[in-house]
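Colleague: Below is a structure I'd like to ask you about.
The values are calculated or read from the model by the stated rules, or taken from the named source; none is laboratory data. Values in this document were obtained by computation on a predicted structure and should not be read as measured data. Neighbour counts run over all protein chains shown; Cβ positions are idealised from the backbone, glycine included. The protein model used for the area step is the full one, side chains on, heavy atoms only, and it has no ligands, DNA or RNA in it. Shrake-Rupley method; radii C 1.70, N 1.55, O 1.52, S 1.80 Å.
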Amino acid sequence: MSIVEEFTRVYGRAPEVVGSAPGRINVIGEHIDYNEGWVLPYAIGYRTSVAIARRTDASINLESMQRAGKRVHASAAGLAPDASRGWAEYVLGTLVSLGALGGFDVLVDGNVPAGAGLSSSAALECATASAINLLLDLGRTPAELALVAQKAENEFVGMPCGIMDQAVSMMSTRGHALLIDCKTLETEHIPINLADAGLALLVIDTQAHHSLVDGGYAARRASCEEVCAILGVPSLREVTLEQIEARRGDLTETQFVRARHAVTEIERVHAAVAAMRAGEWNTLGELISASHASLRDDYAVSCPELDLAVVASMAVGALGARMVGGGFGGSAIALTHTGLIPAIESAVRDAFAASGFKAPRFFIATPEDGATAKLVG
């Protein structure tokens, strides 16, 4: 059943608008957006849709097609954060961030795997923002809507994320990765023609559920901000590795390694763009693997399942592999020749079984379009 048909069944009338937005993978540039560096994600084919109709009162009703019959109620009057509402907080926070404080009926549907590090939360925020922007004729640009969605997650949900996930969900185009300057929000669409080279990005969902609201993410961000305060710079994009090493004595070991990851990861992003433009896929694979080592060792955001997925993929012949997303669980990616995909999947599956881990899931991530919205009827 389509989301329009289900909305009509649930609420007894058709929705006025449907917004849709994708999850994402990040080729390279992890934990860099809040350091005001550059990142290189792209949107994937897994999407979240949000159908909305206005009400004449202040009630906000929310249902999900994945949680049939479990309706969440809120009121636009004095709407404030309430973590007990779970997934609905991302929708409600976006309404607050947009200043859309009337009554609404809302139905959500989607297939972005939750907890897999593929930005299901940003997809939900951006689908909502796109729908409300069209419904209320707010005239916000995609970049402005990305900032609205980020504000919702920062201030309403309480997760101090950077702008990457929302920006790529709003602004991607099919066949391209999106190079984002996270300080200026300037973007450049970088063609990524993996299929022409006989390659693919295989996503390995470890099914080790992650949550970024538990403090680990915020602690990493705080360490970077502490380094900036010590060095007297606005962000780590302004710093070189040599400067970090020269001031090592002024930093704790934790501060030093966190900053070292950020500075070297920014360098890897620029090198990856150059490699993609030149079709140097082996170089791109080496950079992806170096990113994982830095995230594992300096940033300490990997986990046994992610590390095993990377090791098993590389042992079979992947050009490069790394964890993606905020870490502490979620997914890894492997850049590989398409002919090796069955062998990689088998190797990872066997390695997980031998370690007593939950069976992983796999899919190919191709670069797709960003958020859309359309009026119904």
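Colleague: State the number of residues belonging to the range 196-212 that are out of contact with any helix residue (DSSP H, G or I) (no Cβ under 7 Å at 6 or more places or on another chain) and either crowded, with 16+ Cβ neighbours inside 10 Å or within 23 Å of Ala116 (Cβ to Cβ) (or both).
Modeller: Of the residues in the range 196-212, 8 are out of contact with any helix residue (DSSP H, G or I) (no Cβ under 7 Å at 6 or more places or on another chain) and either crowded, with 16+ Cβ neighbours inside 10 Å or within 23 Å of Ala116 (Cβ to Cβ) (or both).
Colleague: Is the range 14-30 home to any residue that is part of a helix (DSSP H, G or I) and of a type in the set (Asp, Glu)?
Modeller: No.
Colleague: Separate question: Within the range 266-291, track down each residue that is under 21 Å from Leu202 (Cα atoms), out of contact with any Leu (no Cβ under 6 Å at 6 or more places or on another chain) and of a type in the set (D, E, K, R).
Modeller: Matches in the range 266-291: Arg277, Glu280, Glu286.
Colleague: Go through the range 48-58 and give me each residue that's buried (at least 22 other Cβ atoms within 10 Å of the Cβ) and not aliphatic (A, V, I, L, M).
Modeller: Thr48, Ser49
Colleague: Anything in the range 151-167 that is over 13 Å from Asp181 (Cβ atoms) and β-branched (Val, Ile, Thr)? List them, or say none.
Modeller: Val157
Colleague: Residue by residue through the range 46-69, note down the ones that are touching a Pro at 6+ places or on another chain (Cβ under 7 Å) and within 30 Å of Cys182 (Cβ to Cβ).
Modeller: Tyr46, Arg47, Ile52 - these are the residues of the range 46-69 that are touching a Pro at 6+ places or on another chain (Cβ under 7 Å) and within 30 Å of Cys182 (Cβ to Cβ).
Colleague: Do you know which residues across the range 127-169 are open to solvent by less than 10 Å² (accessible area, probe 1.4 Å) and farther than 20 Å from Thr187 by Cβ?
Modeller: Thr128, Ala131, Ile132, Ala152, Met159
Colleague: Mind telling me which of the residues Thr336, Thr366 ends up being hydroxyl-bearing (Ser, Thr, Tyr), within 24 Å of the chain's Cα centre (by Cα) and part of a loop (DSSP other than H, G, I, E, B)?
Modeller: Exactly one residue qualifies, and that residue is Thr366.
Colleague: Output the residues belonging to the range 98-110 that are over 19 Å from the mean Cα position of the chain (by Cα) and open to solvent by 10 Å² or more (accessible area, probe 1.4 Å).
Modeller: Passing the criteria: Leu98, Gly99, Leu101, Gly102.
Colleague: State which residue pairs qualify: first residue aromatic (Phe, Trp, Tyr) and inside the range 249-269, second residue surrounded by 15 or more Cβ atoms within 10 Å (Cβ to Cβ) and not in a helix (DSSP H, G or I) in any location, beta carbons under 9 Å apart, and separation of 6 or more residues or different chains.
Modeller: These pairs meet every condition: Phe256/Arg247; Phe256/Asp298.
Colleague: Still on this structure, please answer the following. Identify the single condition in (1) of a type in the set (A, V, I, L, M, F, W, C); (2) modelled with pLDDT under 95; (3) open to solvent by less than 10 Å² (accessible area, probe 1.4 Å) that Ala83 does not satisfy, given that it satisfies every other one.
Modeller: Ala83 satisfies every listed condition except (3).
Colleague: For the range 341-377, which positions are open to solvent by 50 Å² or more (accessible area, probe 1.4 Å), farther than 30 Å from Cys126 by Cα and aliphatic (A, V, I, L, M)?
Modeller: Once the filter is applied, which keeps residues that are open to solvent by 50 Å² or more (accessible area, probe 1.4 Å), farther than 30 Å from Cys126 by Cα and aliphatic (A, V, I, L, M), the range 341-377 yields Ala353, Ala354, Ala359.
Colleague: State yes or no: is Ser119 hydroxyl-bearing (Ser, Thr, Tyr), open to solvent by 30 Å² or more (accessible area, probe 1.4 Å) and under 20 Å from Ala152 (Cβ atoms)?
Modeller: no
Colleague: Go through the range 309-327 and give me each residue that's open to solvent by 60 Å² or more (accessible area, probe 1.4 Å) and under 26 Å from the mean Cα position of the chain (by Cα).
Modeller: Val311, Met314
Colleague: Evaluate the following for Leu40: is it open to solvent by 20 Å² or more (accessible area, probe 1.4 Å), in contact with a helix residue (DSSP H, G or I) (Cβ under 7 Å, 6 or more places away or on another chain) and closer than 30 Å to Gly162 by Cβ?
Modeller: No; evaluated as a whole, the condition is false for this residue.
Colleague: Any residue at all in the range 327-334 that is out of contact with any Pro (no Cβ under 6 Å at 6 or more places or on another chain), modelled with pLDDT of 95 or more and among the polar types (S, T, N, Q)?
Modeller: no
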